[in-house]
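Working notes, structure below.
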Amino acid sequence: MEDEEMNEETQSAEEGDESRKLRDIERSNLRGAQGRATAKKRRSVKTGQKHSAGKQVAQGRPKRRQKSNTGKKAAIFFALVAIIVLFLLTTIFATARLEVTLSSAEVSVDGVFQTVREPAQSKDISYQRLGAFEARQEAPITNGTRERQNTRAEGTVVLYNVNPSGESLDLINRTRLQSESGKIYRLVGKHVIPGGKTVKGKFVPGSKEVKIEANDFGKDFNLPNIGTRLSVPGLAKWKEFAKTYATTSSKIVGGFSGERFIPDSEEAAKIREQLQRDIEKKLRDELAQSVANNSLSERVVFEEGIFITFESLSEEQGCKQETICEKGTLYAISFRETELAALLVKYAPASIQSVLPARIEAKGLSMNIEKSDEFEIVSSTEFSFRLSGSAKLFWDIDTALLTSDMAGKNRKEVADILTNEYPQVIQHETPSIFPAWRNTLPGNKEKINIETKHLQHSE
């Protein structure tokens, strides 16, 4: 029994051992399987990571290449923009400014010069006669008396001796002359009318200016028009002198018959003086306006070259009774500013005498006509005058020509041009050029601005 029990125990022990071995084997297999699964899983994860990394690398490389291309394009674009801007600045938008100082000079003169009325140029300088400027003023007068008056019209005529033989014509005092309307006038004094002569195959009648008066009183004898023809009835019976005639060389006026207002002489004189002052101011204003509006040529008028005359008008000349009427007439001698500047430039510094001044200030000059008693502003055509005092001369510059000369030149070339070709420029600044890095002025002269000022020249 004991053996059987021992065998059973032994057998049970063996079975227990065998069972443990089996369990150990199972556990070992299980751990192996788990290990393999874990390893497989790890390999799978690693493989996935490798694939993912590969994909990322594959996807990342094109992105980096695209970014690089975009950067290059942007750089090229901005470079082109910079080039265009630089081109615009240096060409289209390029400008230049130059400030130059021009000469002026004060000159003193005291000399006698010869002048002749335009258009002749044979003397030192030519002159122009301005005028006639005319003005009329009137004012009433209350103080005076009324008187009965009988007056004859009078004036001057030119008698023409048309005798082809050239014989002179003797006319006695009170010789009759007759108008086309039949009015009779009388020669004042005895006169000899010279005979005619043949000049270059043409007969020229002899002539003489004489005074006449109306044969009777009254305003009907007044002849207001110059050039009215009169015949000489007393010569009709002499064939050689039958065609002798006269023409009025002045107005034949002053004829009156009736009651006339005689103004108080003292009051009339005061009124005339005031009227003449008013007329003179008006005439001088008209002269100044005429000179100021003269666009053809600047003119210089000296006080000594202004001539004003006054005339007291009669009733026959349109002045009503109990009225004082005055008429004024102004003529003036004027010189072209350019010609006067050419006359005075020889008194300027030698270095700028080669260029004529553009304008002058002649306020310090005075002009006096030599032998003024022989000068007549209407009929004279030349005279001598003394010019004395001081004047200011101002030189100018042709900015259009200068900009053309400077266009496209560098700063040094501009300085050489101003120094060698423009003696009237006594100072100049270095040209200011935009943009600042340019050394040459724009080729387009419209882009160059020149500013000028004047400074007295000194040597």
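Touching a residue at least 24 places away in the same chain (Cβ under 8 Å), surrounded by 13 or more Cβ atoms within 10 Å (Cβ to Cβ) and touching a helix residue (DSSP H, G or I) at 6+ places or on another chain (Cβ under 8 Å) - does that describe any residue in segment 275-295?
So far as segment 275-295 goes, no, none of its residues is touching a residue at least 24 places away in the same chain (Cβ under 8 Å), surrounded by 13 or more Cβ atoms within 10 Å (Cβ to Cβ) and touching a helix residue (DSSP H, G or I) at 6+ places or on another chain (Cβ under 8 Å).
Applying the selection to segment 210-227, what residues are open to solvent by 40 Å² or more (accessible area, probe 1.4 Å) and at negative phi?
Lys211, Glu213, Asn215, Asp216, Phe217, Lys219, Asp220, Pro224, Asn225, Ile226
Please verify whether segment 253-261 includes one or more residues that are in a strand (DSSP E or B) and loosely packed, with under 14 Cβ neighbours inside 10 Å.
yes
Consider Met406 against the criteria (1) over 20 Å from Leu356 (Cβ atoms); (2) within 25 Å of the chain's Cα centre (by Cα); (3) without any contact (Cβ under 8 Å) to a residue 40 or more places away in the chain: it satisfies all of them except one. Which criterion is unmet?
(3)
How many of the residues in segment 296-330 are assigned to a strand (DSSP E or B), of a type outside the set (A, V, I, L, M, F, W, C), open to solvent by 50 Å² or more (accessible area, probe 1.4 Å) and over 23 Å from Ser257 (Cα atoms)?
5
Please go through segment 169-212 and give me each residue that is polar (S, T, N, Q) and within 23 Å of Asn222 (Cβ to Cβ), ordered by number.
Across segment 169-212, the qualifying residues are Asn173, Thr175, Gln178, Ser179, Ser181.
Report the residue count in segment 410-454 for those that are without any contact (Cβ under 8 Å) to a residue 12 or more places away in the chain and of a type in the set (S, T, N, Q).
2
How about segment 124-168: which of its residues are acidic (Asp, Glu), surrounded by fewer than 16 Cβ atoms within 10 Å (Cβ to Cβ) and more than 26 Å from Leu223 (Cβ to Cβ)?
Residue satisfying the conditions is Glu167 alone.
Only one of these is open to solvent by 70 Å² or more (accessible area, probe 1.4 Å), closer than 30 Å to Val301 by Cα, at pLDDT 90 or above and among the acidic types (Asp, Glu): Glu370, Glu421, Glu413. Name it.
Selected residue: Glu370, the only one of Glu370, Glu421, Glu413 that is open to solvent by 70 Å² or more (accessible area, probe 1.4 Å), closer than 30 Å to Val301 by Cα, at pLDDT 90 or above and among the acidic types (Asp, Glu).
Of everything in segment 214-239 that's aliphatic (A, V, I, L, M) and part of a loop (DSSP other than H, G, I, E, B), which residue is nearest to Phe256 (Cα to Cα)?
Among them, the one singled out is Ile226.
Within the group Phe335, Phe383, which residue is among the hydrophobic types (A, V, I, L, M, F, W, C), closer than 21 Å to Ala292 by Cβ and buried (at least 16 other Cβ atoms within 10 Å of the Cβ)?
Phe335
With Leu393, Leu401, Leu356, Leu441 as the choices, which residue is open to solvent by 60 Å² or more (accessible area, probe 1.4 Å), touching a helix residue (DSSP H, G or I) at 6+ places or on another chain (Cβ under 7 Å) and not polar (S, T, N, Q)?
Leu356
Residues in segment 318-341 that are touching a Pro at 6+ places or on another chain (Cβ under 8 Å) and of a type outside the set (A, V, I, L, M, F, W, C): how many?
Going through segment 318-341 one residue at a time, the tally reaches 2.
Only residues in segment 237-252 that are farther than 18 Å from Ile226 by Cα count as the first member; pair them with residues that are open to solvent by 50 Å² or more (accessible area, probe 1.4 Å) and charged (D, E, K, R), Cβ under 8 angstrom, at least 6 apart or cross-chain, and list the lot.
Taking only residues 6 or more apart or on different chains, the pairs are Glu240/Glu167.
Can Glu298 be described as under 30 Å from Gly389 (Cα atoms) and touching a helix residue (DSSP H, G or I) at 6+ places or on another chain (Cβ under 9 Å)?
yes
Within segment 169-200, can you find the residues that are open to solvent by 30 Å² or more (accessible area, probe 1.4 Å) and not charged (D, E, K, R)?
Ile172, Asn173, Gln178, Ser181, Gly182, Ile184, Val188, His191, Val192, Pro194, Thr198, Val199
The values are calculated or read from the model by the stated rules, or taken from the named source; none is laboratory data. Given the structure is predicted, the values throughout are model-derived calculations rather than measurements. For neighbour counting, all protein chains shown are included, and Cβ atoms are generated from backbone atoms with ideal geometry for every residue, glycine included. These accessible areas exclude ligands, DNA and RNA; they are computed on the full protein's heavy atoms, side chains included. Shrake-Rupley method; radii C 1.70, N 1.55, O 1.52, S 1.80 Å.
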